[in-house]
Amino acid sequence: MMKVRSIFAAVTVFSLPCLLVAQQKPHLAAAVKLDFEAVGAPIKADPVDAQIVAALKQVSAERIKANITRLVEFNNRSTISSTETDLKPGTGVLAAADWIKSQFESYSKECGGCLEVSFDESIEQPQAGFNNSRPRIIKPTPLRNVVAVLKGTDPVASKRMYLVTGHYDTRETDVMNTHDFAPGANDDSSGTAVSMEAARVLSKLKFPATLVFVTVAGEEQGLNGSHHLAERARKEGWELEGVLNNDIVGGDTTPGDKLQSKQRIRVFSQGILPSAPIEQIRQTLNIGAENETPSRQLARQVLAVGRTYFPGSFHPVMELRLDRFLRGGDHRSFSEAGFASVRFTEWRENFDHQHQHVRVENGKQYGDLLKYDDFDYIARVARLNIATLATLANSPGIPQNVRVTTSNLDNDTILKWDAPQSYTQPVTYQVVWRETAANDWQYAVDAKQFPGKDANSVRLPVSKDNVFFGVRACTAKRICSQAVGPVPSRE
């Protein structure tokens, strides 16, 4: 809701002066129409896919509640509890991992073995904490990510992958406490339940590209599980075009809190990557493209999916930050490994219900308890994830090597690109753009309406200095990828 309002605000800022001019001098009304308005149509929702609509109806708040309830019963899912030998049977992080794996396996059984279920395992060595804080892993510690892969049906497109994750480990106030009750009903049983429900629902369908459903451990100790999986994906050369991380999506419901929004979900994403080559960072800053990164484009795709499947009812809100102040999440691991990634988090967190020893103090309840979760809200978040994953998996994937010609001083824009990396069916392309002060796409046009010299190029009578452009690859049914922003090219 907030981001839609900001887009309208940007349009209003432009429209008001135009309206005043038109009222004062009607004969000038046509003259004040800007080039990008004359060329493209205002952005609108992509077509609804019947298969996705049917899938969204299968999401069950009751199943989500049952999964979170079961996760809470493991008492304390601290990652370092994997080294303990005196835990009560059926408790701790390893027992939780075994149960999650069994659930993925049950979904696979229901779809005739369609899911490849496994542990992504590692031994984490002793290491320092964040910013040289005290170590959170002090001895070799077994770590298990739980992974379920729905292989794409197309031999070529199946190389392309999209991943959804949440972390199933929890923590007490003392991050080294492995025995006291640390339910983590919101942080992050809620995100774990989203990944599990996405696996259950989407495993019943078939997609050209591959979907990967994950629950990771080690987040509270230092993003260990996601780091291990992201590095594995990088080293093995996964064509991973999008990562959706769900962390604290429980829609905390605290009596008396009237500022929580059950119609909004925040979408955080990485801007400039600090580890990028310095010349790349300089070029990005020189052209003002710090918000055109792959992760920011993925966030805009989430907004597009929201427009299509949840108009007026549930609003993903793009946050131009990697994460919240003083906090971090698993999407960071994938971003640092070079993959587009975003984080979903509820609108208004209650920090009395995170990272807290369960207690009542001065009449106030502390602790991440089941009673504060809103399971209908979590189901909405799951539907947004499912719609995004299904859209991306049905799309052709992102255009490659997108560039804008900067060899001449003129008011036209020449965009060129290469076809998506792993797709063999016919592809169409859509060019989108927005004013430089806007956050989400405002205008769109089919590339074929303004053909350039080459098949995959356009020449638009819109100044590249006044807007940000993106190119999307679409199927014949107009199921589109996230946009890719161009880089300057002299060609």
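Values computed for the structure shown
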quantity: Counted residues, the range 360-379 - those being of a type in the set (A, V, I, L, M) and open to solvent by 80 Å² or more (accessible area, probe 1.4 Å); calculated: 1
quantity: Pairs where the first residue, in the range 214-231, is touching a residue at least 12 places away in the same chain (Cβ under 8 Å) and surrounded by fewer than 23 Cβ atoms within 10 Å (Cβ to Cβ) and the second is among the hydrophobic types (A, V, I, L, M, F, W, C) and part of a helix (DSSP H, G or I), C-beta under 8 Å, 6+ apart; calculated: Gly222/Phe130
quantity: Residues of the range 403-443 that turn out to be surrounded by fewer than 21 Cβ atoms within 10 Å (Cβ to Cβ) and among the β-branched types (Val, Ile, Thr), as a count; calculated: 7
quantity: Among (1) closer than 24 Å to Asn385 by Cβ; (2) more than 18 Å from the chain's Cα centre (by Cα); (3) surrounded by fewer than 18 Cβ atoms within 10 Å (Cβ to Cβ), the one test that Ala276 misses; calculated: (1)
quantity: Given (1) within 23 Å of Arg200 (Cβ to Cβ); (2) in contact (Cβ under 8 Å) with a residue 12 or more places away in the chain, index of the condition Glu124 fails; calculated: (1)
quantity: Hits in the range 232-255 - residues which are touching a Gly at 6+ places or on another chain (Cβ under 8 Å) and free of Cβ contacts under 8 Å to residues at least 12 places away in the same chain; calculated: none
quantity: Residue selected from the range 124-169 under the condition surrounded by fewer than 20 Cβ atoms within 10 Å (Cβ to Cβ) and touching a Lys or Arg at 6+ places or on another chain (Cβ under 7 Å), by the criterion modelled with the lowest pLDDT; calculated: Gly129
quantity: Single residue of Gln354, Gln283 found to be open to solvent by less than 30 Å² (accessible area, probe 1.4 Å), of a type in the set (S, T, N, Q) and more than 20 Å from the chain's Cα centre (by Cα); calculated: Gln354
quantity: Looking only at the range 54-106, and only at residues there that are among the small types (Gly, Ala, Ser) and touching a strand residue (DSSP E or B) at 6+ places or on another chain (Cβ under 6 Å), the one that is farthest from Arg380 (Cα to Cα); calculated: Ser82
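The values are calculated or read from the model by the stated rules, or taken from the named source; none is laboratory data. Just so you know, these numbers come straight off a predicted model, no measurement behind them. Using ideal geometry, Cβ is built from the backbone for each residue, glycine included, and neighbour counts are taken over all protein chains shown. Heads up: the accessible areas ignore ligands, DNA and RNA and are worked out on the full protein's heavy atoms, side chains in. Shrake-Rupley method; radii C 1.70, N 1.55, O 1.52, S 1.80 Å.
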